[in-house]
Amino acid sequence: MAAAREIKAREVVEPGDDDAVELAKRHLVQPWPYAGSVGAEARALIGEGEGIYITDASGKRLIDGPAGMWCINVGHRREELARVMYDQAMALSYNTPWYTMNAPSAELARRIADAAPGDLSHTFFTTGGSSAVETALRFMQFYNNVRGRPEKKLIISRGGAYHGSTYLSASLNGRPRDRHWMDGADELVIKLSSPDPFRRPKEMSIDAFTDFLVDQFRDTVARVGAGRIGAFVGEPVQASGGVVVPPDGYLKRIREICRENEILYVSDEVVTGFGRLGHVFASGDVFGLDPDMITFAKGVTSGYFPLGGVIISERLLEELRRSNHPDALFGHGLTYTSHPIGCAVALKNLDLLEEGVLQHAREIAPYFQARLKTLEELPLVGEVRGAGLMACVECVADRESKDPLQLDKDVGKRIDAHCHELGLLVRPLINMCVMSPPLIISREQIDDMVAILREGISRTMDDLRKEGVWRG
């Protein structure tokens with residue numbers, strides 16, 4: 001059986017690896033390219049995956065440290081998901097969501113409502129995380145228009161945030177390099193400080209830092225006016241910002257201010273949802289939140305099919321139904337909204353999560369965090385932080401100043417290159433390395449991952465010393 005699966009996997013890798021590299025350079029535009037190489041770039045070619053592993057074009061087997069892009073939660077080559085994909089395509093491959101519907105989407109919406117906190121009861125399905133956040137924001141605008149508050153449209157986001165690549169969702173992003181050369185709806189967005197305890201002022205305690213963040217939010221609402229602010233959008237854990245885990249109690253206090261001022265609280269769980277923190281949704285089970293909306297994607301299908309969505313509070317929908325504008329049209333939809341194949345895959349994926357993967361993730365997360373924390377013994381490492389099965393190793397020139405290695409912005413890439421050679425794929429983010437492996441990872445595999453990462457960082461320290469850019 002395994003041999004047959006291997007043959008089938010290899011049959012789909014066409015044309016040959018060398019041809020794929022050349023074709024990419026000539027015809028493929030990669031995501032997030034630099035102007036100097038746009039449309040003329042090939043990246044590391046991956047041929048196949050199995051469990052927590054992927055294989056590159058040279059045949060090297062690698063631990064998939066980022067789980068694709070935070071999403072291969074139940075692991076690669078799950079025959080159950082492939083079979084459902086095939087069966088649903090043979091039954092119904094597509095239906096227009098404008099005036100028809102399909103059964104898998106209705107059942108998935110029910111299962112999601114059962115798992116969601118508070119009164120979150122209805123789901124609008126999208127194609128991914130960016131379109132999920134975009135939908136939540138457009139719904140906020142529609143909601144306030146129908147309720148006679150057309151001026152209540154501003155959106156509060158934070159430094160370090162990442163919410164997507166569509167025009168409005170990308171406007172919320174709080175990483176400066178994402179926006180240097182890109183336009184955005186800046187007139188609609190207010191950015192607050194990142195809730196990153198590692199980067200707080202040296203003399204400030206965690207409690208004082210939390211108070212600062214909450215006061216900044218409250219003062220902003222008072223200064224701008226609650227009547228002009230429509231939504232706060234925040235990741236429970238800032239993922240692409242470097243796995244920033246906020247101080248205890250911070251998010252609940254922000255939620256209370258939102259409730260007091262009729263500001264919709266949108267919890268962006270594109271990364272943290274569907275098991276990354278051991279639960280279907282982290283907002284309620286981990287952080288004690290009852291948001292007005294939750295956005296999700298990635299892990300909902302474990303990356304096997306593009307699907308996302310936004311879960312909306314029953315209260316908001318009831319208010320719209322009771323309004324004086326019953327003919328007001330929410331003019332928003334996507335060709336692939338409620339895609340039957342995506343929803344069928346998500347249902348089976350949810351089965352796998354609930355039948356043991358979530359429990360395993362909760363049980364193994366403390367070991368994962370503890371083993372990675374040992375990397376703080378290395379002088380290049382300023383902090384290892386994380387939650388559940390997501391973590392970040394942040395490198396600094398020295399721990400006193402926490403200088404993020406301005407002399408060498410490719411430290412993360414250097415570490416990734418060494419780790420690739422040793423058998424591990426890392427997600428490099430300038431001076432950081434992010435790890436978010438498939439949730440099925442074992443203790444032994446965690447040990448392997450940490451050992452390779454330790455050696456990759458050690459080799460990078462040697463390189464930096466030899467080049468004279470870091471003394472250590």
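The values are calculated or read from the model by the stated rules, or taken from the named source; none is laboratory data. All figures in this text were calculated on a predicted structure; none of them were measured in a lab. A quick note on method: Cβ atoms are made from the backbone with ideal geometry, for glycine too, and the neighbour counts reach across all protein chains shown.
The one condition from (1) touching an Asp or Glu at 6+ places or on another chain (Cβ under 8 Å); (2) more than 18 Å from G273 (Cα to Cα) that L137 does not meet is (1). Of the residues making up segment 79-116, those that are within 19 Å of K298 (Cβ to Cβ) and touching a Leu at 6+ places or on another chain (Cβ under 7 Å) number 4. Each residue in segment 357-381 was checked for being surrounded by fewer than 17 Cβ atoms within 10 Å (Cβ to Cβ) and among the hydrophobic types (A, V, I, L, M, F, W, C), and 1 of them qualify. Answer yes or no: is there a residue in segment 337-349 that is modelled with pLDDT of 95 or more, more than 18 Å from A91 (Cβ to Cβ) and either over 23 Å from the mean Cα position of the chain (by Cα) or surrounded by fewer than 17 Cβ atoms within 10 Å (Cβ to Cβ) (or both). Looking for residues that are modelled with pLDDT of 95 or more, more than 18 Å from A91 (Cβ to Cβ) and either over 23 Å from the mean Cα position of the chain (by Cα) or surrounded by fewer than 17 Cβ atoms within 10 Å (Cβ to Cβ) (or both), one finds none in segment 337-349, hence no.
Yes/no per residue for (1) within 22 Å of the chain's Cα centre (by Cα); (2) in the same structural domain as G275 (by TED's automatic domain parsing); (3) exposed (fewer than 14 other Cβ atoms within 10 Å of the Cβ); (4) at pLDDT 95 or above:
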{"position": "S58", "(1), (2), (3), (4)": "no, no, yes, no"}
{"position": "I72", "(1), (2), (3), (4)": "yes, no, no, yes"}
{"position": "A89", "(1), (2), (3), (4)": "no, no, yes, yes"}
{"position": "Y99", "(1), (2), (3), (4)": "no, yes, yes, yes"}
{"position": "N102", "(1), (2), (3), (4)": "no, yes, no, yes"}
{"position": "S105", "(1), (2), (3), (4)": "no, yes, no, yes"}
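Considering each residue of segment 358-406, count those that are assigned to a loop (DSSP other than H, G, I, E, B), without any contact (Cβ under 8 Å) to a residue 40 or more places away in the chain and out of contact with any Leu (no Cβ under 9 Å at 6 or more places or on another chain), and give that number.
If we filter segment 358-406 for residues that are assigned to a loop (DSSP other than H, G, I, E, B), which is where we start, we get 378-380, 388-389, 396-406.
With the extra rule that they be without any contact (Cβ under 8 Å) to a residue 40 or more places away in the chain, the set shrinks to 396, 398-401, 403-404, 406.
Now restrict to residues that are out of contact with any Leu (no Cβ under 9 Å at 6 or more places or on another chain): 398-401, 403-404, 406.
Of the residues in that region, 7 qualify.
Evaluating I446 against the criteria (1) outside any helix (DSSP H, G or I); (2) closer than 25 Å to Y367 by Cα; (3) among the β-branched types (V, I, T) leaves one unmet condition, (1).
Residues checked against (1) farther than 28 Å from N431 by Cα; (2) out of contact with any helix residue (DSSP H, G or I) (no Cβ under 8 Å at 6 or more places or on another chain); (3) not basic (K, R):
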position	(1), (2), (3)
N173	no, no, yes
G184	no, no, yes
E203	no, yes, yes
D207	no, yes, yes
R218	yes, no, no
G234	no, no, yes
S240	no, yes, yes
K252	yes, yes, no
E256	yes, yes, yes
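When the test is whether a residue is surrounded by fewer than 22 Cβ atoms within 10 Å (Cβ to Cβ) and in a loop (DSSP other than H, G, I, E, B), N145 does not pass it.
Assess whether E354 counts as being under 21 Å from G275 (Cα atoms), surrounded by fewer than 16 Cβ atoms within 10 Å (Cβ to Cβ) and not assigned by TED's automatic domain parsing to the domain that holds A451. So E354 passes the test.
Just to verify a result, which residue in segment 180-202, among those that are of a type in the set (D, E, K, R) and surrounded by fewer than 15 Cβ atoms within 10 Å (Cβ to Cβ), is modelled with the lowest pLDDT?
Among those that are of a type in the set (D, E, K, R) and surrounded by fewer than 15 Cβ atoms within 10 Å (Cβ to Cβ), it is K202.
Of everything in segment 155-199 that's assigned to a strand (DSSP E or B) and among the β-branched types (V, I, T), which residue is nearest to T126 (Cα to Cα)? Explain how you work it out, then say what you get.
The initial filter retains those residues of segment 155-199 that are assigned to a strand (DSSP E or B), namely 155-158, 189-192.
Add one more test, that the residue is among the β-branched types (V, I, T), and what stays is 155-156, 189-190.
Values: I155: 21, I156: 23, V189: 23, I190: 25 Å.
Going through the qualifying residues, I end up with I155.
If the condition is being under 22 Å from P306 (Cα atoms) and either hydrophobic (A, V, I, L, M, F, W, C) or modelled with pLDDT under 95 (or both), then segment 241-271 contributes V266, V270, V271.
Would a scan of segment 415-428 turn up a residue that is surrounded by 17 or more Cβ atoms within 10 Å (Cβ to Cβ) and in contact with a Phe, Trp or Tyr (Cβ under 8 Å, 6 or more places away or on another chain)? Checked against the condition, which is being surrounded by 17 or more Cβ atoms within 10 Å (Cβ to Cβ) and in contact with a Phe, Trp or Tyr (Cβ under 8 Å, 6 or more places away or on another chain), segment 415-428 yields no hits at all. Of the residues making up segment 420-443, just one is in contact with a Cys (Cβ under 8 Å, 6 or more places away or on another chain), outside any strand (DSSP E or B) and hydrophobic (A, V, I, L, M, F, W, C), namely V426.
So which residues in segment 295-340 are in contact (Cβ under 8 Å) with a residue 40 or more places away in the chain, assigned to a loop (DSSP other than H, G, I, E, B) and among the hydrophobic types (A, V, I, L, M, F, W, C)? Across segment 295-340, the qualifying residues are A297, F305, L307, A328, F330, L334.
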